[in-house]
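Below is one structure; the comments refer to it alone.
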Protein chains: 2
Amino acid sequence: MTKTISILGSTGSIGRQALEVVDGLPGSFNIFGLAAGRNLELLKKQIAKHKPELVSVATRELAFRLGKEFKGIEIVWGKDGLKQIAENSRNDLALVAVTGLNGLEPTISAINNGVNVALANKETLVSAGNIVTRLAKEKKVSIIPVDSEHSAIYQCIKGKDYSLVNKIILTASGGPFRTKSPEEIQNATVENTLNHPSWFMGDKITVDSATLMNKGLEVIEAHWLFGLDYTKIKVVIHPQSVIHGAVEFLDGSVISQMGLPSMHIPIQFALTYPGIYPGIKSNSLDLTQISNLEFEPPDLNRFPCLKLAYEAGKKGGTCPAVLNAVNEEAVYAFLQGKIRLTDIAHIVAESLEQLDNINNPSYDDILEVDKTSRKIVDEVFLSKF
Amino acid sequence: MTKTISILGSTGSIGRQALEVVDGLPGSFNIFGLAAGRNLELLKKQIAKHKPELVSVATRELAFRLGKEFKGIEIVWGKDGLKQIAENSRNDLALVAVTGLNGLEPTISAINNGVNVALANKETLVSAGNIVTRLAKEKKVSIIPVDSEHSAIYQCIKGKDYSLVNKIILTASGGPFRTKSPEEIQNATVENTLNHPSWFMGDKITVDSATLMNKGLEVIEAHWLFGLDYTKIKVVIHPQSVIHGAVEFLDGSVISQMGLPSMHIPIQFALTYPGIYPGIKSNSLDLTQISNLEFEPPDLNRFPCLKLAYEAGKKGGTCPAVLNAVNEEAVYAFLQGKIRLTDIAHIVAESLEQLDNINNPSYDDILEVDKTSRKIVDEVFLSKF
């Protein structure tokens, strides 16, 4: 059965791998829409190969440039372009793999029109989990996680009721500073922060992995995705990144999902769900080649960002949106050499204390809080350093 | 919903733990029948507590003795007694936890009468897998494994189609001789063979764990339970016994089941299947307390019994029944100090070579082969030593 899908963020890392999955399973997918930003060169190749009906790029100007080459295709742009692709009811599924809060509006539009969403965008659930999950329930739309940890949990729970879950375990590699002293972490350079031991990712998420904020954001995401209380969501440091997630059920039985550190498996799982098709990569997990799996509890003193995320999640309201926005700005400041790595947690903690929390925030509240939070970081905190 | 169950082997280790599960989930079970061997003392307590309608013991004499104390209960005995309890259509489920080929007849009778079977008896599937699984399919009866490794695989596959399985991985602790030299294994005493690192079991199965024949028998069991070719069944040595089994699906994703080395979880899983109820033991798996999981390939040179089991399984016919019977007799000979530990594999290998294989064996063929195999071990091989 051919599934009609659209890919938002087709030239990014997840988008490119999603198109590899599409290529690897001929006849399984029909591409309705592709949305990219500014990488026209790659996008042109993707259009030529996958022949989408609708394409979106970052700006009107880029759209015109592209339009000259592809006469028969409708080309749109900007935020509205993303939305148009996501919400089209021709889609069986929209893969939302754009970065930041750009993912929120198209996700909501897709759900509103009954389009299932494969979600590879953390910010959407972290900042607006209440809105998105409520709407998905109302519209009976599936949100299938693409993140490897959440995909793992999703696969472990599959076919069982969420009320049967005792706890879920999200694993974290621990990042480059897992075994380092507080002093070493404080003096971390951008260079050694970006030296991630097991996954290759973008700079922002790599810094988040080093501070464990990434895992903190995933805890909040898991809270919304699986409807679980924060006391039921545990983080375990697992340097080998072989076990991506585990679920303990009521009866004490623990089901875990494992695999090589590759995004192809969770992407393919989300695109083909609920079907399971042959993996597009032939490499298989050989436990005897790994030979040793280690686990340790996270150290919340050396990695306070994880603690802050739990706190923001438990407070709810707009706190997770503040956490997310402030963290992002602080990470960019660190990457630009303006602050130290350990300042990220200080800035997040102070912001969470100073900004008012809005309970049951609306969509507009979230966008507003996101903007305010970023402004405050730039104007108030960064001026201190 | 109360489930009516019978327990065959109620005074044995699995039977006792099954009744602990029944006690731990009040209102969930109604005990129709209890079958024990000669442990009248414990059986009397079980009868007084669980008030079964039908009870079976090893002999007529024991049945009479018991009958004097429990006037209102029907008491039967011997092989026919086991059968009467198992096949009664009042049962929703019969737990077959008697040892050896004694499990075969009641299992077949239960299936014939449409009673689901929780199977804690290896010999039934090893020796007569073709007959039992064909019948279960025909009668649309579930065989739910109680063995922790097979329960693990069953839980991992649950809700998915068997055709989606790339391979299954059965883990083995490796036994007390995992790191020992061939000379040390050859000179193993009964005492250091029975010193099992992670599970507490009976003597026979403990010797089988030391030779890896236990895992070999489980490979054959898995072949029948899950309908998988032997090339899709892998064994991995995992000394910590935390991961009990894993399944790699078509897409490369690996789902595993983990837990503390306790039989309560698989027993409860089988008894409550398809429901999941709160675990009767409060202990939870804390990965950070385990901290290190190791995996290594099995060494078929030091542990030839595993290789012999794969070979017997692949040959099929009566070979697995020969393997099982000859191994059992050889293990008893070892436990009695008649032969060395390494002689077990020699005797099994020679028997498999010398005895004719019968393809598509009947029930009678299997019983006959079982008898002949044991006789040959006693008369021919043991006289050599």
In a Gaussian network model over chain A where Cα atoms closer than 10 Å are linked, find which of A:Ile290, A:Ile108, A:Ile73 has the largest mean-square fluctuation. A:Ile290
Taking θ = phi - 60°, what integer Hz values does the Karplus form 6.51 cos²θ - 1.76 cosθ + 1.60 yield along region A:305-311, in sequence order, with x for Gly and Pro? 4, 5, 4, 4, 5, 4, 5
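Please give the contour-minus-distance gain from B:Glu41 to B:Asp286: 0.36 nm per residue of separation, less the Cα-Cα distance, rounded to one decimal in nm.
Details: separation 245, 0.36 × 245 = 88.20 nm, distance 3.81 nm.
Fully extending the segment from B:Glu41 to B:Asp286 adds 84.4 nm.
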Please list the non-local residues whose amide H lies under 5 Å from the amide H of A:Trp77, H modeled 1.01 Å from N, same-chain partners needing a gap of 5 or more. A:Val57
Could you check how much of the accessible area of region B:3-145 is carbon and sulfur, as a whole percent, using a 1.4 Å probe? 47
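Rounded to the nearest whole Å², what accessible area per residue is found for region A:3-145 with the 1.4 Å probe? Show your work: numbers first, answer last.
Working: 5800 Å² over 143 residues.
Accessible surface, normalised per residue, equals 41 Å².
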Picking from A:Leu293, A:Leu352, A:Leu40, which is most flexible by a Gaussian network model of chain A using Cα springs under 10 Å? A:Leu293
Say we join alpha carbon atoms closer than 10 Å with springs in a Gaussian network model of chain B; which of B:Glu53, B:Glu149, B:Glu221 then has the biggest fluctuation? B:Glu53
Nm distances between the label at B:Gln354 and the same-position labels in the remaining copies, 7 Å along Cα→Cβ, shortest first? 8.9
Please report the spacing between the Cα centers of region B:216-260 and region B:131-155 in Å, no decimals. 15
A:Arg16 accessible area, assembled protein chains, probe 1.4 Å, Å²: 110
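Once a ≥ b ≥ c are taken as the square roots of the eigenvalues of the Cα gyration tensor of region B:316-385, is the result rounded (a/c under 1.5), prolate (a/b larger than b/c) or oblate (a/b not larger than b/c)? Could the numbers behind the result be given before it?
Numbers: a/c = 2.30, a/b = 2.06, b/c = 1.12.
Prolate shape, in that a/c is at least 1.5 and a/b is the bigger ratio.
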Magnitude of the Cβ-charge dipole (Lys and Arg +1, Asp and Glu -1) of region A:3-145 about the Cα centre, nearest 20 debye, reported as 60
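So in chain B, what percent of DSSP beta bridges are antiparallel if you round to the nearest 5? Spell out each step's value before the answer.
Details: 11 of 40 bridges.
If I count the DSSP bridges inside chain B, around 30 percent turn out antiparallel.
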Can you give the relative contact order of region A:316-385 as a percent, counting alpha carbon pairs under 8 Å and 6+ residues apart? 49
If the label for A:Pro26 sits 7 angstrom from Cα along the Cα-to-Cβ line, what are its distances to the same label in every other copy, in nm to one decimal, shortest first? 6.5
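Of the accessible area of region B:188-272, with the probe set at 1.4 angstrom, what percent is carbon plus sulfur?
Taking all protein chains in place, region B:188-272 shows 58 percent carbon and sulfur surface.
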When the dipole is taken about the Cα centre of the protein assembly as shown, and only Lys, Arg (+1) and Asp, Glu (-1) are charged at their Cβ, what size is it in debye, to the nearest 20? 1140
Give the separation of the Cα centroids, region B:353-383 to region B:1-41, in Å. 34
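Pairs of Cα atoms under 8 Å, at least six residues apart: use those to get the relative contact order of region A:166-264, whole percent.
Values: 136 pairs, mean separation 41.3, N = 99.
Relative contact order here is 42 percent.
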Calculated from backbone phi, Karplus (6.51, -1.76, 1.60) coupling profile of region A:369-378 in Hz, x at Gly/Pro: 4, 4, 5, 4, 4, 5, 4, 4, 4, 5
Given charges of +1 on the Cβ of Lys and Arg and -1 on the Cβ of Asp and Glu, with all other atoms neutral, how large is the dipole of region B:159-241 about its Cα centre, in debye to the nearest 20? 320
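Kindly work out what percent of the DSSP beta bridges joining two residues of the protein assembly as shown are antiparallel, to the nearest 5. Numbers along the way, then the final one.
On the way: 30 of 88 bridges.
Beta bridges within the protein assembly as shown, antiparallel portion: roughly 35 percent.
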Interchain or sequence-distant (5+) residues whose placed amide H lies within less than 5 Å of the amide H of A:Phe32 are A:Ile5, A:Ser6
Built amide H within the under 5 Å cut-off of A:Leu293, gap 5+: B:Leu293, B:Glu294
Mind running the shape call on region A:92-161? Use the C-alpha gyration tensor, a ≥ b ≥ c as the square roots of the eigenvalues: rounded below 1.5 for a/c, prolate if a/b tops b/c, oblate otherwise. oblate
Calculate the length of the line joining the C-alpha centroid of region A:291-338 to that of region B:261-306, in whole Å. 34
Shortest first and in nm to one decimal, what separations exist between A:Asn187 and its copies in the other chains, measuring from label points 7 Å along the Cα-to-beta-carbon line? 5.5
Along the Cα-to-C-beta direction of B:Gln186, a point sits 7 Å from the Cα; which residues of region B:343-367 have their amide N less than 16 Å from that point? B:343-347
I'd like the Karplus ³J(HN,Hα) series for region A:185-194: coefficients 6.51, -1.76, 1.60, θ = phi - 60°, whole numbers in Hz, and an x wherever there's a Gly or Pro. 5, 4, 8, 4, 8, 4, 4, 6, 6, 7
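Taking 8 Å as the Cα distance limit and 6 or more residues as the minimum spacing, I'd like the relative contact order of chain A as a percentage. Don't skip to the end; give the middle numbers.
On the way: 694 pairs, mean separation 55.6, N = 385.
Here the relative contact order equals 14 percent.
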Pop out a list of residues from region A:283-310 that are at least 10 Å² less accessible with all the protein chains around than in their chain alone; 1.4 Å probe, no ligands or nucleic acids counted. A:Ser284, A:Leu285, A:Leu287, A:Thr288, A:Ser291, A:Asn292, A:Leu293, A:Glu294, A:Phe295, A:Pro297
What total accessible surface area, summed over both chains, is buried at the interface between chains B and A, computed with a 1.4 Å probe and given in Å² to the nearest 100? 3400
Provide the solvent-accessible area of A:Lys160, counting protein heavy atoms only and rolling a 1.4 Å probe, rounded to the nearest 10 Å². 40
Chymotrypsin sites (Phe, Trp or Tyr not before Pro) in region A:146-210 lying in a DSSP loop, each with at most 10 other Cβ atoms within 10 Å of its Cβ, come to A:Phe200
What residues in region A:237-263 lose 40 Å² or more of accessible surface when the other protein chains are added to their chain alone (1.4 Å probe)? A:Leu250, A:Asp251, A:Ser253, A:Val254, A:Ile255, A:Ser256, A:Met258
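The values are calculated or read from the model by the stated rules, or taken from the named source; none is laboratory data. Only a predicted model underlies this, so the values are computations on that prediction, with no experimental measurement involved. With ideal geometry, Cβ positions are generated from the backbone for all residues, glycine too; neighbour counts draw on all protein chains shown. Calculation scope for accessible area: heavy atoms of the full protein, side chains included, ligands and nucleic acids excluded. Shrake-Rupley method; radii C 1.70, N 1.55, O 1.52, S 1.80 Å.
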